[in-house]
Amino acid sequence: MRFISPSPATDPEAVRAAWHEFVRSGLIHPDRVRPFIARAWTRSSAAGCDPRQARANALSAEDTISLIRRGGRLVEVATPFLAALSRAAGQERHAAMLGDASGRVLKIVGDPQTISDENFPRAGSLLSEEVAGANGIGTALAEGGYVELVGPEHFIEGFHVFTCQGVPLAGSDDQPVGVMSMSVRREETAGRVRDILFCASEAAACELLSQHLTDTIAAPASIEQVAEKLRQDIVQRLTMARLQFELAARHIARGSTATETLQAAQELVRKFRRQAAVWRNLVDHGTLAAEPVALTDLVEDFLALLETEARVAQTRLLWGRAEHCIALEDASALSQRLLSAFVGAMQAAEPGSELAVQVVRTERVATVTIHRSGVAGPTLAGTVTAPLIG
Amino acid sequence: MSNQQAPSVLVIDDEEDIRVSLIRLLECDGFRASEAADGETAIRALDDGLHPDVLLLDYRMPGLNGGQTLDTLRARGHRMPAVLLTAAKDAADIAARHGFDAVLTKPVGPEEVFSTLRDAIARAAGSQP
C-alpha cells in the first residue's frame with residue numbers, strides 16, 4: 001500500500017483560499033496545499049475539468065447494467081466489504097463506493113440521504129480526475145495509492161462538503177483493477193473509518209488473488225494433491241482475516257475502537273500474500289534457469305505454509321539451526337524438492353512427533369535436514385541440498 | 001427449537017481463531033454458539049446431551065475430518081442439519097458424499113454463514129413430521 005497523503009491536511013480556510021486563487025489565476029501556493037493535491041489540481045485543470053460544475057458523466061441505465069455485469073467478479077468480491085464499511089460508518093452520512101480501473105463507479109452503499117441525492121455520483125458516474133477533478137476515486141487511481149481529500153482539497157466546488165478517501169485495488173498481477181473509496185461529511189468520521197478502509201481494500205484484493213489461484217492455476221501432477229491441500233490452508237488465512245474484519249466493522253459501528261482486531265486482520269492478509277507467493281512459486285512449472293534463492297527464508301516460508309498440514313498429520317515442525325544461505329537454483333524445482341522432503345517426513349512420522357529443521361552451509365552447498373524426534377534420539381527424515389551462489 | 005429461543009449452533013473447527021471469530025459474530029447475530037476443536041470432541045459433546053439446532057463443520061482437521069465426523073454422528077443417531085465449511089474445490093462432491101445439508105466455500109463472510117445456517121434449520125424443521 002502506498003500512502004500518498006500521510007501528512008495531515010492543512011488549515012481548510014487556507015486551502016479554500018488557495019483553491020479560489022488557483023481557479024482564478026492557475027497559480028498554486030505550495031505552502032498552502034499538500035503536494036499530491038497540487039498535482040491533482042494541475043492535472044484536473046489541464047484536462048479541462050470545470051471546478052464550478054461537474055460535466056455530465058453518467059451512463060444510461062442500460063449501459064450501467066452492462067458496466068456492472070462486466071465488473072462481475074470485482075463487484076461480487078467488493079460488495080460485502082462495502083457493506084461492512086457502511087456498517088462501520090453507522091448513522092453518519094456516508095457513501096462507500098467501488099470504481100473500476102477507469103474511475104467509473106460500479107457500486108455505492110451508504111445512508112439513504114446521501115445516495116439518493118441527485119447531485120451525488122451513482123453507479124455509472126465517471127469520477128476520473130479528467131471529468132470529476134481531484135476526488136477520492138480519480139486521485140487514488142492517478143497517484144497509485146491511498147489518498148484523503150478534505151473539503152476544499154476537492155477540485156470541484158460541489159464536493160467541498162465531503163472528506164473522501166480512496167485506495168486502488170490490486171488484481172492478481174498487482175496492477176490496479178479498481179478503487180474503493182469512502183466519502184463522509186465529517187472529518188472525524190473519516191478518521192474513524194480510515195483503518196478499516198485500508199483493511200477492506202487489502203482483503204478484497206486478496207480475495208481476487210485467491211479466486212485467481214483457485215480458478216486458473218494448475219499444479220504439476222506430481223504435487224497436485226498436496227498443492228490443493230496447501231491452497232485450502234492459504235485460503236483459511238484469508239477466511240480468518242475476513243472474519244476479523246467483519247468483527248472490527250461491528251466494533252467501530254458501536255463506537256468502540258478496533259485497532260487490535262484490524263491489526264490482526266492485516267497481519268493475516270500479509271501472511272496470505274506471502275504464502276500465496278510461495279504457493280505460486282511451488283506450483284509453477286519452472287524454467288530450470290538457476291537464480292539466487294534465499295534458502296533460509298524459503299524454508300521459513302515453508303514452515304508457515306505447512307503449519308496446518310503438520311497439525312492435521314499431528315506432528316510439529318520446529319526450527320533448529322538456521323544459517324543464512326543464498327542458493328543458486330531454479331526456485332520452483334527447489335520448492336518442489338523441499339515440499340517432497342517435508343511431506344515425506346510428516347507422513348513417516350508417528351502422531352505426536354516433532355520434526356526439527358536445520359539449514360547448514362558448507363563451502364559449496366547448503367543442506368536442509370529434517371530430523372524426527374524419538375526415544376532413541378533424532379532420526380534423519382529428509383534432506384535437500386542446493387548449490388550455493390558464488 | 002422453540003420459537004422463543006435463539007437458534008443454536010455447534011462450530012467444529014481446529015483453528016481457534018476461526019472458532020472464536022465465528023462464535024462472536026454468530027452471537028452478535030442472535031445465535032447461541034458452542035464450539036469443538038475436533039471431530040472427536042464434538043461427538044462426545046453430542047453423545048453427552050448437547051443438542052444444537054445445526055452443526056457447522058470444517059473439513060480439514062486433525063483426527064476425523066469433517067466428513068468422517070458427520071458420518072460418525074449420523075451412525076450414532078444425531079440427526080440435526082450439518083453445514084460444511086471448506087475451501088476445497090470439490091466442496092459439492094464432499095458435501096454430497098457425506099450427506100451435508102449445505103456447503104459454504106471459504107473465504108466466506110458472516111452474512112452468508114448466518115443465512116445458510118438459518119435456511120438449514122428451517123428446512124430441517126419443515127421436513128419433520
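Total residues in region A:88-124 satisfying the condition of being surrounded by 22 or more Cβ atoms within 10 Å (Cβ to Cβ) and farther than 30 Å from A:Arg250 by Cβ: the figure is 2. Looking across region A:162-196, the residues that are crowded, with 23+ Cβ neighbours inside 10 Å and of a type in the set (A, V, I, L, M) come down to A:Val167, A:Leu169, A:Val179, A:Met180, A:Met182, A:Val184, A:Ala190, A:Val193, A:Ile196. Can you confirm whether region A:200-211 contains a residue that is assigned to a helix (DSSP H, G or I), touching a Lys or Arg at 6+ places or on another chain (Cβ under 7 Å) and under 24 Å from A:Ala333 (Cα atoms)? No: region A:200-211 contains no residue that is assigned to a helix (DSSP H, G or I), touching a Lys or Arg at 6+ places or on another chain (Cβ under 7 Å) and under 24 Å from A:Ala333 (Cα atoms).
Could you tell me whether A:Leu295 is farther than 20 Å from A:Val365 by Cβ, surrounded by 16 or more Cβ atoms within 10 Å (Cβ to Cβ) and either at pLDDT 90 or above or polar (S, T, N, Q) (or both)? Full working, then the answer.
Numbers: farther than 20 Å from A:Val365 by Cβ: no; surrounded by 16 or more Cβ atoms within 10 Å (Cβ to Cβ): yes; either at pLDDT 90 or above or polar (S, T, N, Q) (or both): yes.
The answer is no for A:Leu295.
Only one of these conditions is not met by B:Cys28: (1) in contact with a Ser or Thr (Cβ under 9 Å, 6 or more places away or on another chain); (2) closer than 30 Å to A:Arg250 by Cα. Which number is it? Unmet condition: (1).
If you scan region A:200-215, which residues turn out to be in contact (Cβ under 8 Å) with a residue 12 or more places away in the chain and either farther than 29 Å from A:Ser86 by Cβ or more than 7 Å from chain B (Cβ to nearest Cβ) (or both)? Before the answer, list the steps.
Start the filter on region A:200-215 by keeping residues that are in contact (Cβ under 8 Å) with a residue 12 or more places away in the chain, which leaves A:200-214.
Scanning region A:200-215 gives A:Ala200, A:Ser201, A:Glu202, A:Ala203, A:Ala204, A:Ala205, A:Cys206, A:Leu208, A:Leu209, A:Gln211, A:His212, A:Leu213.
Residues that are hydrophobic (A, V, I, L, M, F, W, C) and over 15 Å from the mean Cα position of the chain (by Cα) within region B:97-129 comprise just one, B:Ala125. Taking the condition closer than 17 Å to A:Ser340 by Cα, at pLDDT 90 or above, more than 14 Å from chain B (Cβ to nearest Cβ) and surrounded by fewer than 18 Cβ atoms within 10 Å (Cβ to Cβ), does A:Leu303 pass? Judged against the criteria, A:Leu303 is a match. Could you please let me know if B:Leu104 is surrounded by 17 or more Cβ atoms within 10 Å (Cβ to Cβ), aliphatic (A, V, I, L, M), in contact with a Ser or Thr (Cβ under 6 Å, 6 or more places away or on another chain) and within 14 Å of chain A (Cβ to nearest Cβ)? Yes: the conditions hold for B:Leu104. Take the residues in region A:216-241 that are surrounded by fewer than 16 Cβ atoms within 10 Å (Cβ to Cβ) and small (Gly, Ala, Ser), then tell me which one is farthest from the other protein chains (Cβ to nearest Cβ). Selected residue: A:Ser222. Scanning region B:59-84 for residues that are more than 13 Å from chain A (Cβ to nearest Cβ), within 19 Å of B:Ile121 (Cβ to Cβ) and among the hydrophobic types (A, V, I, L, M, F, W, C) yields a count of 5.
Tell me, which residue of region A:242-263 that is within 14 Å of the chain's Cα centre (by Cα) and either more than 8 Å from every other protein chain (Cβ to nearest Cβ) or without any contact (Cβ under 8 Å) to a residue 24 or more places away in the chain (or both) is surrounded by the fewest Cβ atoms within 10 Å (Cβ to Cβ)? Per the stated criteria, the residue is A:Gln263.
Conditions tested, residue by residue: (1) of a type in the set (Asp, Glu); (2) touching a Leu at 6+ places or on another chain (Cβ under 6 Å).
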{"residue": "A:Ser181", "(1), (2)": "no, no"}
{"residue": "A:Glu187", "(1), (2)": "yes, no"}
{"residue": "A:Phe198", "(1), (2)": "no, no"}
{"residue": "A:Cys206", "(1), (2)": "no, yes"}
{"residue": "A:Thr239", "(1), (2)": "no, no"}
{"residue": "A:His251", "(1), (2)": "no, no"}
{"residue": "A:Leu262", "(1), (2)": "no, no"}
{"residue": "A:Arg270", "(1), (2)": "no, no"}
{"residue": "A:Val278", "(1), (2)": "no, yes"}
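Show me the helices (runs of 4 or more DSSP H) entirely contained within region A:290-386 in which 1 or more residues are under 29 Å from the mean Cα position of the chain (by Cα) and more than 29 Å from B:Asp38 (Cβ to Cβ).
On the way: elements: A:295-305, A:307-312, A:331-348.
Once the helices (runs of 4 or more DSSP H) in region A:290-386 are filtered for at least 1 residues that are under 29 Å from the mean Cα position of the chain (by Cα) and more than 29 Å from B:Asp38 (Cβ to Cβ), what remains is A:295-305, A:331-348.
Counting only residues that are of a type outside the set (Gly, Ala, Ser), modelled with pLDDT under 90 and in a helix (DSSP H, G or I), which one in region A:146-194 is farthest from A:Arg250 (Cα to Cα)? Of everything passing the filter in region A:146-194, A:Glu187 is farthest from A:Arg250 (Cα to Cα). Scanning region B:85-96 for residues that are in contact (Cβ under 8 Å) with a residue 24 or more places away in the chain and facing another protein chain (nearest Cβ under 9 Å) returns B:Leu85, B:Thr86, B:Ala88. Screening A:Asp284 against (1) modelled with pLDDT of 90 or more; (2) surrounded by 16 or more Cβ atoms within 10 Å (Cβ to Cβ) leaves a single unmet condition, (1). Could you say whether any residue in region B:38-58 is surrounded by 14 or more Cβ atoms within 10 Å (Cβ to Cβ), in contact with an Asp or Glu (Cβ under 6 Å, 6 or more places away or on another chain), away from every other protein chain (no Cβ under 14 Å) and under 21 Å from B:Thr116 (Cα atoms)? Within region B:38-58, none of the residues are surrounded by 14 or more Cβ atoms within 10 Å (Cβ to Cβ), in contact with an Asp or Glu (Cβ under 6 Å, 6 or more places away or on another chain), away from every other protein chain (no Cβ under 14 Å) and under 21 Å from B:Thr116 (Cα atoms).
Listed here are the residues, each with its yes/no results for (1) touching a strand residue (DSSP E or B) at 6+ places or on another chain (Cβ under 9 Å); (2) within 14 Å of chain B (Cβ to nearest Cβ).
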site: A:Trp279; (1), (2): no, yes
site: A:Leu282; (1), (2): no, no
site: A:Glu291; (1), (2): yes, no
site: A:Ala322; (1), (2): yes, no
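Once region B:1-37 is narrowed to residues that are under 12 Å from the mean Cα position of the chain (by Cα) and among the acidic types (Asp, Glu), the residue that is nearest to the other protein chains (Cβ to nearest Cβ) is B:Asp13. Only a single criterion out of (1) among the small types (Gly, Ala, Ser); (2) under 20 Å from A:Arg32 (Cα atoms); (3) in contact (Cβ under 8 Å) with a residue 60 or more places away in the chain is not satisfied by A:Gly136, namely (3).
The values are calculated or read from the model by the stated rules, or taken from the named source; none is laboratory data. Computed from a predicted structure; not experimentally measured. Heads up, the Cβs are rebuilt from the backbone with ideal geometry, glycines too, and the neighbour counts pull from every protein chain shown.
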